[in-house]
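Input: a single structure, listed below in structure tokens.
The values are calculated or read from the model by the stated rules, or taken from the named source; none is laboratory data. Not measured: the values here are computed from a predicted model. Positions of Cβ are backbone-derived with ideal geometry, glycine not excepted, and every protein chain shown enters the neighbour counts. Ligands, DNA and RNA are excluded from the accessible area calculation, which covers all protein heavy atoms including side chains. Shrake-Rupley method; radii C 1.70, N 1.55, O 1.52, S 1.80 Å.
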Amino acid sequence: MAHRVTLIPGDGIGPELAEATTRVLDATGIGFEWERVEAGEAAIASHGTPLPDDVIASIRETRIGLKGPITTPVGSGFRSVNVGLRQALDLYANLRPARSMEGVESRYTDVDLVIVRENTEDLYAGIEHMVGRDAAESIKIITRAASERIARYAFDYAVANGRHKVTAVHKANIMKLSDGLFLESCRTVAAEYEGRVEFEDRIVDNMCMQLVQKPDLYDVLVLPNLYGDIVSDLAAGLVGGLGVAPGANIGVQAAVFEPVHGSAPKYAGMDRANPTAMILSGALMLRHLGYATEAEKVESAVREVIAAGRSTTADLGGTTGTAGFADAVIAQLRAPSGVR
Ligand code: NAD
């Protein structure tokens, strides 16, 4: 029976990446029925809102979404669709693995980090107001329930994936109450995993420096929303940039898989963007659905194509287009193992 998946192609380079990714996932032979829905700029024109109700309704039904990037106007206009989706579906865990790849130029060759970002609260709760004309206030919300839930997700992930250490990242020396509560919650949960998974904590500024200098010392990081957003881009930079960084938003009732990068409007429609991040997000989706072997095959095929260096996109120094890269990955999936 085919798996029904809600497909949100998104804005900018999104539709091209979605096309490339669905072709690769279809080539695994698992069988998907893609339920296409529109969100973002295209939906504003057709529905008057960037996040129409049918998008949420579709994901509530299929319980799985694969999403391209969506343009968010800066400073004014509609609220971020991404934040709206995560909150509406309570996709509380944002998982962003960052792993070095042969053939992708970067400072290190052995980075293997997993960022677990709390996805529902902190400064992203969207509670902001002006105080008079010349001051603005944003409210940072941290709760014990959400902090313990994300910490538990990070530890469970570590156990399930053979990871040895979880590092909680915070600024509890300054935000003693909010970040203090996050850290305390992580410590409470860590105690339940003692002897199975190591635990430590780092202040976020020091964490950034440590990651740049000694990324090999870290394994799974758990962070509140804002630090998680920033540190996961830093981690993406350590392994070669946004074009190769996948992501997943996981909740109890649903999960949405999407690249870390944005809609790169300047490359829209040019068959130039790198679909790796979205294809690898698709591989995370396969793993979530219980297809670990197929996920591994897709990840290996992507790694092989990039390592061989003949069919890479412009951001990785190649001349192949988005569709051509997907063709090469599909050919690699079908090739006998070990053949590049
Ligand atoms: P961006 O990720 O779109 O682009 C940053 C840089 O990375 C650009 O130089 C871009 O050309 C390059 N890049 C990104 N993805 C690439 C790919 N697949 N292949 C090759 N190069 C790639 O970030 P931005 O410019 O800050 O944001 C553009 C829009 O995307 C904004 O409206 C922003 O709000 C939105 N955005 C959406 C998401 C999401 O939907 N989850 C995430 C981040 C940003």
- Query: Out of curiosity, is R287 in contact (Cβ under 8 Å) with a residue 12 or more places away in the chain, over 26 Å from L211 (Cα atoms), open to solvent by 20 Å² or more (accessible area, probe 1.4 Å) and of a type in the set (D, E, K, R)?
  - Reply: no
>> Given the criteria buried (at least 16 other Cβ atoms within 10 Å of the Cβ), among the hydroxyl-bearing types (S, T, Y), touching a residue at least 40 places away in the same chain (Cβ under 8 Å) and more than 10 Å from the ligand (Cβ to nearest atom), does Y218 qualify?
In response: yes
Filtering region 234-258 for residues that are crowded, with 21+ Cβ neighbours inside 10 Å and part of a helix (DSSP H, G or I) leaves a count of 4
Margin query: Tell me whether region 103-126 contains one or more residues that are closer than 22 Å to D90 by Cβ, open to solvent by 70 Å² or more (accessible area, probe 1.4 Å) and out of contact with any Leu (no Cβ under 9 Å at 6 or more places or on another chain).
Written below: no
Of (1) modelled with pLDDT of 95 or more; (2) surrounded by fewer than 24 Cβ atoms within 10 Å (Cβ to Cβ); (3) within 8 Å of the ligand (Cβ to nearest atom), V231 fails just (3)
Checked against (1) over 25 Å from E294 (Cβ atoms); (2) more than 12 Å from the ligand (Cβ to nearest atom), E41 satisfies every condition except (2)
Yes/no for I59 being assigned to a helix (DSSP H, G or I) and within 26 Å of E16 (Cβ to Cβ): yes
